[in-house]
Amino acid sequence: MRVKDERDWIAVSIASIKEIADEIIVVDNGSTDGTYEILQAMAVMENGRLKLWRKPELHHGDLSNFALKQTSFHWVFRWDGDMVAHTSGENPIDELRLRILALNPKRYYLIYLRHINLSGDLFHQDPREMVHIEEYVHGFSESARFIHPGRFEAVKFPFYYKPLFWYEPYVFHVNIKPARRMLLRYFWEDWMELKDYLRYPTLEDYVKTHMTEEFNTFQWEEAENRCVSKIIQNHIPFDQEIFGPYPELLKPFLDHPKYRIQCENGHITQRMGRGDGP
């Protein structure tokens with residue numbers, strides 16, 4: 001796991017996969033919202049199974065390669081601090097573990113998984129990416145490494161890896177962030193692609209320079225609110241008939257969500273919640 005500022009979801013995220021993990025490698029990239037302190041407490045509770053590092057100085061690809069080098073088992077499952085797995089129902093995460101361990105131990109595999117995206121709040125999705133597919137599981141090899149060729153990070157694997165595509169919805173991606181995180185994420189891909197770390201050593205430096213031309217304000221809070229409004233404008237309701245039920249560990253959050261998208265006459269007007277206005 002590579003994490004930064006995931007206070008809202010980090011505990012439930014790890015709780016959803018800790019029963020299938022022989023070890024949990026977490027590298028914090030400089031959280032300032034309390035995420036690292038939550039992880040420290042969890043590491044104590046896990047009595048050595050959760051191994052924690054803090055590396056705020058590393059850029060994304062280097063951070064990923066550092067995390068990969070700390071693993072000590074054959075199978076590597078890349079996990080994010082805002083992903084929550086099913087622990088019961090038709091597609092529990094322990095079923096995924098059994099499928100992985102049933103594969104031929106003499107071969108190397110690259111397993112693409114599909115997860116369900118929630119966005120803005122627990123009840124909506126971005127129609128441009130309601131599901132996401134990525135290579136989340138693979139056998140460890142000294143030759144496998146993360147690279148950064150453009151806007152996105154990628155993993156470079158030797159030719160002998162066999163790809164598998166497993167589309168059962170074991171996981172939800174809970175892309176529900178405070179307004180500041182949403183503003184940073186809005187510019188993140190541009191900053192990643194530019195790689196100009198002399199002018200913009202941090203993402204915050206890049207956003208501070210470019211948010212005026214994008215959102216017509218010098219004020220961070222105003223830019224955050226305008227960014228949230230722009231992002232959620234075309235969101236659609238999450239449909240359990242299509243994507244199945246929520247993971248069990250997410251259900252307690254449904255009655256008292258931290259953020260809630262508001263609609264009027266069938267149109268999204270705003271998102272209510274701490275940090276997002278009144």
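The values are calculated or read from the model by the stated rules, or taken from the named source; none is laboratory data. It should be emphasised that the depicted structure is a prediction, and the values quoted were computed from it without experimental measurement. For neighbour counting, all protein chains shown are included, and Cβ atoms are generated from backbone atoms with ideal geometry for every residue, glycine included.
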H60 versus (1) touching a helix residue (DSSP H, G or I) at 6+ places or on another chain (Cβ under 8 Å); (2) crowded, with 16+ Cβ neighbours inside 10 Å; (3) without any contact (Cβ under 8 Å) to a residue 60 or more places away in the chain; (4) not β-branched (V, I, T): which is the lone unmet condition? (3)
Within region 191-205, is there a residue that is free of Cβ contacts under 8 Å to residues at least 12 places away in the same chain and β-branched (V, I, T)? yes
Among the residues of region 2-45, the number that are out of contact with any Gly (no Cβ under 6 Å at 6 or more places or on another chain) and farther than 19 Å from A179 by Cβ is 30
Residue under question is F73, and the condition is that it be outside the structural domain of K258 (by TED's automatic domain parsing), in contact (Cβ under 8 Å) with a residue 60 or more places away in the chain and more than 27 Å from P252 (Cβ to Cβ); does it hold? yes
Quick check on W9: is it buried (at least 18 other Cβ atoms within 10 Å of the Cβ) and among the hydrophobic types (A, V, I, L, M, F, W, C)? yes
Going by the structure shown, is R107 surrounded by fewer than 18 Cβ atoms within 10 Å (Cβ to Cβ), in the same structural domain as P158 (by TED's automatic domain parsing) and over 16 Å from Y167 (Cβ atoms)? yes
Close pairs from region 219-246: first touching a residue at least 24 places away in the same chain (Cβ under 8 Å), partner loosely packed, with under 14 Cβ neighbours inside 10 Å and among the basic types (K, R), Cβ under 9 Å, at least 6 apart: N234/R128; P245/K251
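Just need a number here: residues in region 232-265 that are assigned to a helix (DSSP H, G or I) and either among the polar types (S, T, N, Q) or in contact with a helix residue (DSSP H, G or I) (Cβ under 6 Å, 6 or more places away or on another chain) (or both).
2
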Say we look at region 57-79 and pick out the residues that are of a type in the set (G, A, S) and not in a loop (DSSP other than H, G, I, E, B); which of these is farthest from A102 (Cα to Cα)? G61
Based on this model, can you work out whether A144 counts as closer than 20 Å to D82 by Cα and touching a strand residue (DSSP E or B) at 6+ places or on another chain (Cβ under 7 Å)? no
For region 130-177, which positions are modelled with pLDDT of 95 or more and under 30 Å from E224 (Cα atoms)? M130, V131, H132, I133, V171, F172, H173, V174, N175, I176, K177
With outside the structural domain of D94 (by TED's automatic domain parsing), surrounded by fewer than 16 Cβ atoms within 10 Å (Cβ to Cβ) and within 19 Å of M130 (Cα to Cα) as the only criterion, which of Q233, Q219 stands out? Q233
Taking the options Y136, Y161, name whichever one is crowded, with 19+ Cβ neighbours inside 10 Å, among the hydroxyl-bearing types (S, T, Y), under 21 Å from the mean Cα position of the chain (by Cα) and under 25 Å from N65 (Cβ atoms). Y136
